[in-house]
Amino acid sequence: MTPQTPRRARRLALALVGALAIAGCATRAPEPAPAPAADTFPVTVTAPDGKPLTLERKPERIVSLSASATETLFAIGAGKQVVAVDEQSNYPPEAPKTTLSGLTPNVEAIAGHTPNLVIASGDAGDMVAGLGKLGIPVLILPAAKNLDDVYAQFELVGKATGNAAQGADLARRTKEDIAKIVHDTPKTDTPRSYYHELDTDLYSVTSKTFIGKVYGLFGMTNIADAADTDASGYPKLSAEYVIKANPTLIFLGDTKCCGQTAETVALRPGWNTIDAVTKNRVVALDDDLASRWGPRIVDLVRAVADALK
Amino acid sequence: MTRARLTPAVLATALLVLVASIVVSTLLGAAGLGWTRVIREIVAQLTGGVSPLSEREAAIVWQVRFPRVLLAGLVGAALAVSGAAYQGVFRNPLADPYLLGAAAGAGMAATLVVVTAPSAAGWIIGPLPLAAFAGALGGVGLTWVLGRSAGGGTAILLLSGIAVAAFLTSIQTFAQQLNTDTIKQVYTWMLGGLNTSGWHEVLLTLPYITVSAIVLCLCGRLLDVLAVGDEEAASLGIRPGRVRVIVLLAASLATAAAVAVSGLIGFVGIVVPHVVRLLAGSSYRVVVPLSLVGGAVFLIVADQVARTIVAPAELPIGVITAFTGAPFFLLVLRMNRERVR
């Protein structure tokens, strides 16, 4: 690291604040990204774990091992810079899908794409150290805990890839879109409860999780909260407990993985007595939308809102 | 060897414990309906009176809880009776569907069905139990052949079983890794559980497990003869090879039926027959039928714990059976030190 780096970083930060301020009050027609200064390299970003990461030049060969990050990269116009994505990254279709795995990363296979930036959702198998020896920087973007984390990651990916303005813009638009959807969704006086299903073994999420916070936007109560005895956020529920709790809505996050539909749920023993089933309020979600903290989070919020109308 | 007989008193006691475990398990559950209200519901059902339960609560008792208790009993009975039978066939106190590769074979075959034809699997019905049966049989067969070719004996058979199980499991893991879109479904099933089962699963497994159980109970005397030695058996007009094949087929069918509906639930097949032996002697005429009842009780109680100890959340049942089974396995190993060596 050169002695000038901190000063450069500070200057960059100031430029960014400027860019954000402009973006923040832009109610006129969108203009092309202002602040080219924001995308000068080297750039130092702060990863969510608090560690600084310095990129000497603009990464033109990005490998993404996180489906959420892949969607973000393409949404901010960094798609041209992406050379390979992992096997789980199935969106957008033009993403260069490979057999790389983010769960069991293979350092050699990743290095084979000669990336100058790797983005992953976790450091499985000491990948960061392995790639570090080869001088390849890795940006770890862990699962978002709330919507602010999502916005922060959009901006972070923007800065790290030389698309700072687009990243900030995506964050702002997403925030506005979600606020509008929530605002336009009619409120009811009677509290609505819900059950969000992760898999056919009845693993669920509590309102403390990222997905639970999305439902929380609409003031719904989560039947899984009472069952979170170990505070993991992902309790496994009993079928009889779900029936007893009688949720107003059931959201299925296991339609693609496990073929669940409103029909299969209605056929489960005893489930035909649940209000959500008798009143046709079983909502089949796209598994991917319900598990990623990328730009399509707006689509998930919209799906939930539609279920409430 | 003790020449114990299955006296009416012993059988009556076992059945009484079984009925008690079914009743208690039906009264208690994660929904917290209150056991006195459930009793009044049962009484109302029997006498046509008024029940304090709502329609939804009644559905919990009759559509969810009661069939689940029965299924736990069926699965436990199947795994325990197969364990007892395998121990007789292999003359090996440590044999069980897991150590001999039967469960691993069933798991691998079922996984291959799920990943290659996820829609055909359709869960429970169709090719899944068939594949599981073939896999269970293949796993045991492979263990047997390898064990014999390596010289036979208890330790060699066990080591062969471990190797076969590891090998089959590795194929299964590989298939899962290649098919990450179905991985969740397979993992859910692998961990084992009875959470979303109902009457459908009960009726589906009942015939397989009943047939296997009858065959195995009838073979109890033959297993006793085999325990003395193959020459002895032959001198009594029994063909040891044929007995082994029949018992293996029946035990593998029971294992496969259990595995197909409940996933992989370990240690039942080893714990139960040994407790039975400690309590009632080592004659297979006693061990086989009592393992059937004991296995049912054991799994009903284990599932009861799984579904209520952290209620309204639930533990995977394999956690409970392994928690009690693994230390027990070591105990049996100690008690059989001389034989295993």
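Some values worked out for this structure:
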| quantity | calculated |
| --- | --- |
| Net dipole in debye of the range A:74-187 [+1 Lys, Arg Cβ; -1 Asp, Glu Cβ; about Cα centre; nearest 20] | 240 debye |
| Tilt relative to chain B, helix B:268-280 - C-alpha long axis, 0 to 90 degrees, to 10 | 80 degrees |
| Distant-in-sequence amide H partners of A:Gly233 (H built 1.01 Å from N, under 5 Å) | none |
| For A:Arg192, distant residues with modelled amide H under 5 Å away | A:Thr221 |
| Percent antiparallel among DSSP beta bridges (both partners in the protein assembly as shown, rounded to 5) | 25 percent |
| Against the rule of thumb 2.2 N^0.38 Å, how large the Cα Rg of the range B:1-65 comes out | 1.55 |
| Principal axes of the range A:35-148: Cα extent on each, largest first, Å | 37, 32, 30 |
| Farthest positive-ward along the protein assembly as shown dipole, Cα basis, beta-carbon charges - from A:Val63, B:Thr111, B:Ser235 | B:Ser235 |
| Span-rule helices in chain A, defined as complete DSSP H runs reaching 24 Å or more along the axis (Cα) with Kyte mean at least -0.5 | A:5-24 |
| Among A:Met220, B:Val140, B:Thr324 the positive-end extreme of the charge dipole of the protein assembly as shown (Cβ point charges) | B:Thr324 |
| Residue with peak Gaussian network fluctuation, chain A [Cα springs, cutoff 10 Å], from A:Glu60, A:Glu155, A:Glu108 | A:Glu108 |
| Where N is the number of residues in the range B:1-151, Cα Rg divided by 2.2 N^0.38 Å | 1.43 |
| Probe 1.4 Å, accessible area per residue of the range A:186-307, Å² | 37 Å² |
| Radius of gyration, Dmax [the range A:204-244; alpha carbons; angstrom] | 10.0, 28 |
| Rounded to whole Hz, the Karplus (6.51, -1.76, 1.60) HN-Hα couplings of the range B:249-254, x for glycine and proline | 4, 5, 5, 5, 5, 5 |
| Relative counts (whole %) of C-alpha pair distances in chain A, using bins that are 10 Å wide | 6, 25, 29, 23, 13, 4, 0 |
| Computed magnitude of the charge dipole of the protein assembly as shown (debye, nearest 20; Cβ of K, R +1, Cβ of D, E -1) | 920 debye |
| Positive-end extreme of charge dipole, the range B:8-340 - chosen from B:Thr205, B:Leu18, B:Leu46 (charges on Cβ) | B:Leu18 |
| For chain B, size of Cβ-based charge dipole, Lys and Arg +1, Asp and Glu -1, in debye | 660 debye |
| Unit Cα scatterers, Debye sum, the range A:186-307: log10 I(q)/I(0) for q = 0.09, 0.19, 0.21 Å⁻¹ | -0.21, -1.03, -1.30 |
| Chains B and A, summed buried accessible surface - 1.4 Å probe, Å², nearest 100 | 2500 Å² |
| Over the protein assembly as shown: Kirkwood hydrodynamic radius from C-alpha pairwise inverse distances, Å | 27.7 Å |
| Heavy-atom surface of the range B:276-327, accessible at 1.4 Å and reported per residue (Å²) | 33 Å² |
| Exercise: per-residue mean of other protein chain Cβ atoms within 10 Å, B:314-322 | 2 |
| Rounded to 10°, Cα long-axis angle of helix B:66-89 versus longest principal axis of chain B | 10 degrees |
| Rounded to 5, the percent of DSSP beta bridges in the range A:43-177 classed as antiparallel | 30 percent |
| Contour excess over end-to-end distance, with Cα ends at B:Ala44 and B:Leu159 and 0.36 nm allotted per residue | 35.9 nm |
| For B:60-68, mean number of other protein chain Cβ atoms within 10 Å | 5 |
| Long-range tail of P(r) for the range B:8-340 (Cα pairs > 25 Å, %) | 51 percent |
| Kirkwood-Stokes translational diffusion coefficient of the range B:229-318, alpha-carbon pairs, 4 °C, 1.567 mPa s, µm²/s | 84 µm²/s |
| Shape box of the range A:147-222 [Cα atoms, principal axes, largest first, Å] | 45, 33, 17 |
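The values are calculated or read from the model by the stated rules, or taken from the named source; none is laboratory data. Every value quoted in this text rests on a predicted model; they were computed, and no experiment measured them. Using ideal geometry, Cβ is built from the backbone for each residue, glycine included, and neighbour counts are taken over all protein chains shown. We work out accessible area using only protein heavy atoms, side chains counted, and drop any ligands, DNA or RNA first. Shrake-Rupley method; radii C 1.70, N 1.55, O 1.52, S 1.80 Å.
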